[in-house]
Structure formats: structure tokens, C-alpha cells
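Working notes, beginning with the structure itself.
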Amino acid sequence: MEIPENIQEQLNQFQQLQQQAQAVNMQVQNVEVQIQETEKALEELKKSDENTEVFKQAGTLLIKVEYKDALADMEDKLETLELRKQTMARQEERVMKKLQEMQTAIQSAMQGMGQ
């Protein structure tokens, strides 16, 4: 039985959407790792006092920075990463919903062919 062109096109779109979902999922995982690393760095920074020498990586260099500036930078970075994670999670949710809708439509179309 040959698959009609319109159903084949839906299948192709479905595969592209699956790839997009995979890419978004990997991005979410990457951001989660960055969040964990930032939280750990922030935790270690907070264990120190304001007189502790703090260095910030800039490319291949380490540059001495003020403790309060480093603390503010880490807190800002964590907040930005959290917002990025929320945005990506919403995007992932939309893609997954679209995948489910497409899967249902394709299954219905395929069942219609069999009758």
C-alpha cells in the first residue's frame, strides 16, 4: 500500500518536529548543567568572606575582581539561566504538544486509508 503524498508530507514534518524536540531537550539539559555549576560556585563564594581574593575567568585569563561584584555577577547569571530554562521548558512543552497532535492526525489519516 502506497502512502499518499499529503500523509508523507505530514510524516516528514513529524520527523522534523521530533528532531526539534530533541534539540530543545538537549538545550534544556545543557542549561540545567550550567545552573548546577553556577549554584555550586555561588555556594562556595558565599562560604567565603568579603576579604577573600576572588578571580573571574575572562577567556584564558583569570582577573581579580571584588568579592561583592563576583557575588552579584553569579546571582545575575543564575537568574538569567533560570529564566532561560523556563523559556526553553515552555518551548519544549509546545513542541511536545504539537507532536502529539500531529501523531493523532497521522494515525487518523492512516486508519482512514485502511478502510
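Miscellaneous remarks
- Pairs of lysines in the chain (C-alpha under 21 Å apart; 8 or more residues apart or interchain): 21
- The chain pair-distance distribution - Cα-Cα, 5 Å bins, rounded %: 2, 10, 14, 14, 11, 9, 8, 7, 6, 5, 5, 4, 3, 2, 1, 0
- 5 angstrom amide H check on K56, placed H, neighbours 5+ away: I63, K64, V65
- Projected label distance in nm at V65 and K40, using a 7 Å step from Cα toward the beta-carbon: 1.9 nm
- Once the Cα atoms are used to define both axes, helix 67-114 deviates from the longest principal axis of the chain by about 10 degrees.
- Against the chain, whose longest principal axis comes from its Cα atoms, helix 5-47 is set at around 20 degrees.
- Taking 0.36 nm per residue of sequence separation and removing the Cα-Cα distance, the N25/D76 pair yields an extension gain of 16.0 nm.
- Pairs of Cα atoms nearer than 8 Å and 6+ residues apart set the relative contact order; for the stretch 28-93 it is 40 percent.
- Calculated FRET value between Q18 and Q86, using beta carbons and R₀ = 30 Å, to 0.05: 0.85
- Solvent-accessible heavy-atom area per residue, rounded to whole Å², over the chain at 1.4 Å: 77 Å²
- Working from Cα pairs under 8 Å separated by at least six residues, relative contact order for the chain is 38 percent.
- Paramagnetic reach from K98 (point 7 Å along Cα→Cβ, amide N under 18 Å) across the stretch 17-39: 17-28
The values are calculated or read from the model by the stated rules, or taken from the named source; none is laboratory data. Just so it is clear, the structure is predicted and the values come from calculations on it, not from any experiment. Backbone-built Cβ (ideal geometry, glycine too); neighbour counts: all protein chains shown. Just so you know, the surface numbers come from the protein's heavy atoms only, side chains and all, with ligands and any DNA or RNA stripped out. Shrake-Rupley method; radii C 1.70, N 1.55, O 1.52, S 1.80 Å.
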